[in-house]
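The structure under discussion appears below in the form of C-alpha cells.
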Amino acid sequence: MSARYDCSDAVQRAAGISAAIEAVREGELVVLPTDTVYGIAADAFTPEAVARLLAAKGRGRDMPPPVLVGTVRAAEALVEDLGAFGRDLIDEFWPGALTLVAVASKSLRWDLGDTKGTVAVRMPLHGVALDLLKQSGPLAVSSANLSGSPAATTVDEAQAQLGSAVSVYLDGGPCLGGVASTILDLTPTIPRLLRAGAIDVDRLRAVAAVITGDDTAGPEAPEADTAGPEAPETGSAGPEAVGPEAVGPEFKPAAPHPLAGGPPEASGGGTPPSA
C-alpha cells in the first residue's frame, strides 16, 4: 500500500523524506515534486529499480530516464566532461529547469537503459526535491505519468495514473512550472538544443553558443537521432525528463532524441530524459 505525505506540514515533510529515502534504498519507487512537473524516482544505481520505474510508466529501455541530483558535485561525478560551456550553464541556470546531456562516466556501474553512453542530468529548483536528493544521492527520475499521458502537476494526478506501483508520494502542492525542462546536448563541441522548454534559447545564448534545429548544421553538429526526445519523460537519464516534465501545446522538440520519448524530459548525444 502506498504512503502519502503532505510536505506543507513540517512533521509530515520530515517523515515523508525519511520514508522516501528508505523506499529508494529498498529499490522501490517514489513520486516527488519538482520545479517543472511531478516525477517518479528510483535509485539510479539499482538496475531492478530503474526497470521497475520504466515498467510503471509503460515504457521500454529505449527511453532511459534522466538523473536528478542535489548538488553540482554529484552531477560532476556522473559525467566524463561538461565541455567548454557546461560549467557556465550550470552556474547560471542550476538549480533550475535545464537538463544537460553529457558523456557518462565510464567508472559508473549502473543500467539506465539504452543510453548510448550518455546521461541527462539536472538539479531541480524545489526544496522538497533537493532535500531528498541531497540525502538519497542521484535518482533516476521521469515524469510521473503513464507513457503517452499528460505529465502530472499535482500529486493527485500522479497517484491517479501510477497508483500502488509507487511506495511513497511526496505532496509538495501544485507544480508552478508545468513546462518541461529545456534539454541541451553538451557532447558536440557546440551545445545542441534537443528540446525547447522552460528556459528560452535566447537566455542560453547569453551564456553559451547553442545550435538549434533551425540552424544550419556545421561540422561539429551531430546528425539528428531518429528517436524522439524524452523530453521529460526520458533521459538518461530524466529526466527532467528529467526528468519529469509536462508537455503542453508550446512544447517543440528542437531535434529528435533517443532519450526523449514523449512529453516529459530527455537526454542527448546518446541519451536523453523527464523531471
Going by the conditions given, is residue 217 modelled with pLDDT of 70 or more and either under 17 Å from residue 119 (Cβ atoms) or surrounded by fewer than 24 Cβ atoms within 10 Å (Cβ to Cβ) (or both)? no
Set 1, 63: member being under 15 Å from the mean Cα position of the chain (by Cα), at pLDDT below 95 and open to solvent by 30 Å² or more (accessible area, probe 1.4 Å): 63
Among strands (runs of 3 or more DSSP E) entirely within the range 91-189, at least 3 residues that are hydrophobic (A, V, I, L, M, F, W, C) occur in 98-103, 118-122, 139-143
Kindly establish whether residue 88 is acidic (Asp, Glu) and either modelled with pLDDT of 95 or more or within 14 Å of the chain's Cα centre (by Cα) (or both). yes
Working carefully through the options 140, 129, find the one that is under 26 Å from residue 47 (Cα atoms) and either open to solvent by 10 Å² or more (accessible area, probe 1.4 Å) or in contact with a Pro (Cβ under 6 Å, 6 or more places away or on another chain) (or both). 140
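The values are calculated or read from the model by the stated rules, or taken from the named source; none is laboratory data. Since we're looking at a predicted model, the values are computed, not measured. Heads up, the Cβs are rebuilt from the backbone with ideal geometry, glycines too, and the neighbour counts pull from every protein chain shown. Surface areas here come from the heavy atoms of the whole protein model, side chains and all, with no ligands, DNA or RNA. Shrake-Rupley method; radii C 1.70, N 1.55, O 1.52, S 1.80 Å.
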